[in-house]
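Q: Below you will find the structure I want to go over with you.
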Amino acid sequence: MSTKDGYKLFQANVLKLEEIATGVFVLSYKKLHEFIAGQVVAITTDLNDESRLYSIASGVREEEVRILFNVVPEGKLTTQMSQLVEGDQIFISKPFGKFTGTKEPAYWIAAGTGIAPFASMFYSGLASNKVLIHGGRTLSAFYFRNVFEVYFDDNYIPCCSQQSGQGVFKGRLTEYLKSLNELPPEHKYYLCGSAEMVVETRDILIQKGIPFKQIIAEIYF
Amino acid sequence: MKDKLFGKTLSELQEIVVQEGMPAFVAGQISDWLYKKHITEIQEMKNLSKVNRTKLQEKYEIGLNLPVKVQTSIDGTKKYLYPAAGKKFIESAYIPDKDRATLCVSSQIGCKMGCLFCMTGKQGFQGQLSAGEIVNQIHSLPEFDKLTNVVYMGMGEPFDNLKEVLKSLEIMTSEWGYGWSPKRITVSTIGIIPAMQQFLTESKAHLAISLHSPFEDDRKKIMPIENVYPLPKLLQAIHEFEWGKQRRISFEYILFKGFNDSQRHVNELAKILNGLKCRINLLRFHPIPDSPLESPDEKAIVEFREKLTSKGITTTIRASRGQDIFAACGLLSTKELQKNTEPIDF
C-alpha cells in the first residue's frame, strides 16, 4: 500500500505509547524491517493523509522499533499519534536514510527530539569515542538522560536554555560550543535538529576550525 | 480576520459561492476578476450583484500585497521584498534579459534544508507561503505585463510546500487563471523524491534539480537532504520518468573551488546523466557570510563548461545578475527579518 505522497507503507500495530515529557511521546511497534542506526521511517495513521518522517530511536538488535515525537500544535498527525493505544494500526515505510552512525570518534549534537538518531546509535553499540551534546529549553527535554549520564559520564552535556539544574550547562548548546577552547578537527560532528540549530551550530563549528567536510547534518522537515 | 479570495482555485471558489447561496457560475466570474482583471476590491466585481458582493465582503477580502521595498541593480535586475504572514518578508527577483523577463519567486519563508552555500538557510524556517502569497509575487509585480517566465528558485524548497505550490501552478496555468503555458514555468528542488514524483504527475511545468555534485559523499557535506533522499535514488526516479518531448529537466550546479570542479566530477556527471535529455546550468558562487566555500575563477568555470560540452552535455554558464543589490537569495529578507525575530531556543 502507498500513501498519497508516494511511500510504500506496511501495516504495524502499536505495542506501547508512553508520554515521557509533556507532549513528548515514545511510540513502539514490532520491528518489521532491519535498519541501520540513524535511519528514518515514514509514518502515518491514515493512508489518505500524508506521512511524516521520524528517526528511529531504538537499537538495531531490538525486537521493537521506537519513535520519539512531540505533538506539534495544530499538527494533525502528531495529535492522532498521541492518542494511539496498544493494538492500534499505523502505517510505516521501510527504514531509509544515510545519517547513520559509525565507530569513528565523533561529537553527537542534538536539539530536542533530534536526540532520536543518537539514541538509536547508542542502543546499537556505537557510543564509544563519542561526546553527546543535547540542547533543550527545559530540564524535562533531556530524553533518555538517566541512561546517557551513566554511560557517557562527562561526555554527556545537556544544555538548557531556560532552566538551571545540576550537571546541566545553563544556556543554549551553541553557547556551550562557543565556550569551548578547542574542538578536535579530525573528529566527525553529527548534528540533528531544526534548520536553525543545524545552520547556527555548523557556522560555529566552522568558525572553530572544523572542516565542513567533517560535519554531517540531519534536519527535521 | 477575513479569508483571502486571491490564491483560491476555481474549485475552492465554487465551494465558497455554493456555501454563500450564489449560483455556481459566479465562481468563474470571481476567478476572472481575481486573475485576469487585476482588481483590488470586491466591490469592483461589477458583474456580480450588489447583494453577492456585499455577502462576499462580509467574510472575504481580495488579499493582495504590494511589494514594500525594491532594490534595482545597475544591470536592470530588481529585487522585491513582499510582506508575508507573521510580520515576515519574502523576496522575488525580477531579471530582464533581452526578449525575456524572468521572475524568481519564493515558496517558503526561510528554508528548512540548511544547505551550506545558501543564505536563505541562515534564516532557518519561518513558515510556509500560501498559494495566494506565491502567486501574489507574480500578480503584484510592477513588471507583470513584461514577464515571460517564472522560476520557483527563490526562498524555500518548493517541494517542502508541495500542496500550495501545486495550487499556485494550477492558478498560473489554468484557463480560468492566468492561462500560462506550463513551459514558461520551472520549479527547482534539491530532491525531495516523493514530492517530486507527485509534482511530475500533477503538473506539466519544467523541473530543475539542485545537483552541485554527482557524488553522494560530496552532496552530503553541503546538503543535509542527501542523508534522507540519496542521489542514486533521486537519479533513479528521474531516469524512470517519461519526460516526453515538451517537458524539460535541467540541473543547477554551483561551482565550488576545489570541491566539485574536477575532471572526476565531469566524468561522473557524464555517467549519471547518460541517456537523459537535459541541460546543466553552471552557477557562480557568490560568497555568503561565514561560508567556507569559494568560487573558482572565471577561466576554471569556462573550462568546466567546455569539458562537459565535450562529453555531449548541453551546458550553460548562468550570468550573474544583480550582484550590487545582494543578489544571493535571502540576503534582503534576512536583513529585514533581524529587526523583528526573537532568537530560537535550543
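The values are calculated or read from the model by the stated rules, or taken from the named source; none is laboratory data. No experiment lies behind these values; they were computed from the predicted model shown. Please note: Cβ atoms are built from the backbone with ideal geometry, for glycine as well, and neighbour counts cover all protein chains shown. Quick note on the areas: whole protein, heavy atoms, side chains included, nothing else; ligands and nucleic acids left out. Shrake-Rupley method; radii C 1.70, N 1.55, O 1.52, S 1.80 Å.
Q: With the requirement that a residue be touching a residue at least 60 places away in the same chain (Cβ under 8 Å) and either within 29 Å of residue B:232 (Cβ to Cβ) or open to solvent by 10 Å² or more (accessible area, probe 1.4 Å) (or both), what does the range B:158-178 give you? Spell out how you get there, then give the answer.
A: Filtering the range B:158-178 for residues touching a residue at least 60 places away in the same chain (Cβ under 8 Å) gives B:167-168, B:170-171, B:174, B:176-178.
Passing the criteria: B:167, B:170, B:174, B:176, B:178.
Q: Is it the case that some residue within the range B:249-268 is in contact with a helix residue (DSSP H, G or I) (Cβ under 8 Å, 6 or more places away or on another chain), within 14 Å of chain A (Cβ to nearest Cβ), free of Cβ contacts under 8 Å to residues at least 12 places away in the same chain and not aromatic (Phe, Trp, Tyr)?
A: No: zero hits.
Q: Could I ask something else about it? Looking at residue A:9 and the list (1) away from every other protein chain (no Cβ under 14 Å); (2) touching a residue at least 12 places away in the same chain (Cβ under 8 Å), which single condition is not satisfied?
A: Single failed check for residue A:9: (1).
Q: Condition first: touching a residue at least 40 places away in the same chain (Cβ under 8 Å), open to solvent by less than 20 Å² (accessible area, probe 1.4 Å) and aromatic (Phe, Trp, Tyr). Can you find one or more residues in the range A:118-139 that meet it?
A: Scanning the range A:118-139 turns up at least one residue that is touching a residue at least 40 places away in the same chain (Cβ under 8 Å), open to solvent by less than 20 Å² (accessible area, probe 1.4 Å) and aromatic (Phe, Trp, Tyr).
Q: Does residue B:254 satisfy the criteria of being part of a helix (DSSP H, G or I) and surrounded by 20 or more Cβ atoms within 10 Å (Cβ to Cβ)?
A: Numbers: part of a helix (DSSP H, G or I): no; surrounded by 20 or more Cβ atoms within 10 Å (Cβ to Cβ): yes.
Against the criterion (part of a helix (DSSP H, G or I) and surrounded by 20 or more Cβ atoms within 10 Å (Cβ to Cβ)), residue B:254 does not qualify.
Q: Here is a further query. Looking at (1) outside the structural domain of residue B:143 (by TED's automatic domain parsing); (2) open to solvent by less than 70 Å² (accessible area, probe 1.4 Å); (3) not hydrophobic (A, V, I, L, M, F, W, C), find the lone condition where residue B:73 falls short.
A: The number of the failed condition is (1).
Q: May I ask you to list the residues in the range B:91-105 that are in contact with a helix residue (DSSP H, G or I) (Cβ under 7 Å, 6 or more places away or on another chain) and surrounded by 21 or more Cβ atoms within 10 Å (Cβ to Cβ)?
A: Hits for the range B:91-105 are B:91, B:92, B:103, B:105.
Q: Right, something else. Which residue is farthest from residue A:27 (Cα to Cα), if the candidates are limited to the range A:78-91 and must be open to solvent by 20 Å² or more (accessible area, probe 1.4 Å) and under 20 Å from the mean Cα position of the chain (by Cα)?
A: A:79
Condition check ((1) at pLDDT below 95; (2) surrounded by 17 or more Cβ atoms within 10 Å (Cβ to Cβ)) across all residues:
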residue: B:204; (1), (2): no, no
residue: B:208; (1), (2): no, yes
residue: B:222; (1), (2): no, yes
residue: B:231; (1), (2): no, yes
residue: B:234; (1), (2): no, yes
residue: B:245; (1), (2): yes, no
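Q: Given the structure, is residue B:272 β-branched (Val, Ile, Thr) and either open to solvent by 10 Å² or more (accessible area, probe 1.4 Å) or free of Cβ contacts under 8 Å to residues at least 12 places away in the same chain (or both)? Give the derivation first.
A: Details: β-branched (Val, Ile, Thr): yes; either open to solvent by 10 Å² or more (accessible area, probe 1.4 Å) or free of Cβ contacts under 8 Å to residues at least 12 places away in the same chain (or both): yes.
The answer is yes for residue B:272.
Q: Here's another thing I want to ask about it. Quick one: which of A:182, A:175, A:218 is open to solvent by 60 Å² or more (accessible area, probe 1.4 Å), of a type in the set (Asp, Glu) and within 11 Å of chain B (Cβ to nearest Cβ)? Don't jump to the end; show me each part of the working.
A: Numbers: A:182 fails: within 11 Å of chain B (Cβ to nearest Cβ); A:218 fails: open to solvent by 60 Å² or more (accessible area, probe 1.4 Å).
Result: A:175 is the single residue among A:182, A:175, A:218 that is open to solvent by 60 Å² or more (accessible area, probe 1.4 Å), of a type in the set (Asp, Glu) and within 11 Å of chain B (Cβ to nearest Cβ).
Q: Looking at B:125, B:89, B:144, can you tell me which residue is within 14 Å of chain A (Cβ to nearest Cβ) and of a type in the set (Phe, Trp, Tyr)? Step through it out loud before you land on a result.
A: Numbers: B:89 fails: within 14 Å of chain A (Cβ to nearest Cβ); B:144 fails: within 14 Å of chain A (Cβ to nearest Cβ).
Just a single option satisfies the conditions, and that option is B:125.
Q: Still on this structure, I have one more. Take the residues in the range B:207-217 that are within 25 Å of residue B:154 (Cβ to Cβ) and not hydrophobic (A, V, I, L, M, F, W, C); name whichever of them is farthest from the other protein chains (Cβ to nearest Cβ). Don't jump to the end; show me each part of the working.
A: Step one: list which residues in the range B:207-217 are within 25 Å of residue B:154 (Cβ to Cβ), which gives B:207-213.
Next, from what is left, pick out any that are not hydrophobic (A, V, I, L, M, F, W, C): B:210, B:212-213.
Numbers: B:210: 15, B:212: 13, B:213: 12 Å.
Ranking the candidates gives B:210 first.
Q: Pick from the range A:186-207 the residues that are touching an Asp or Glu at 6+ places or on another chain (Cβ under 7 Å) and farther than 22 Å from residue B:110 by Cα: which of them is nearest to the other protein chains (Cβ to nearest Cβ)?
A: A:207
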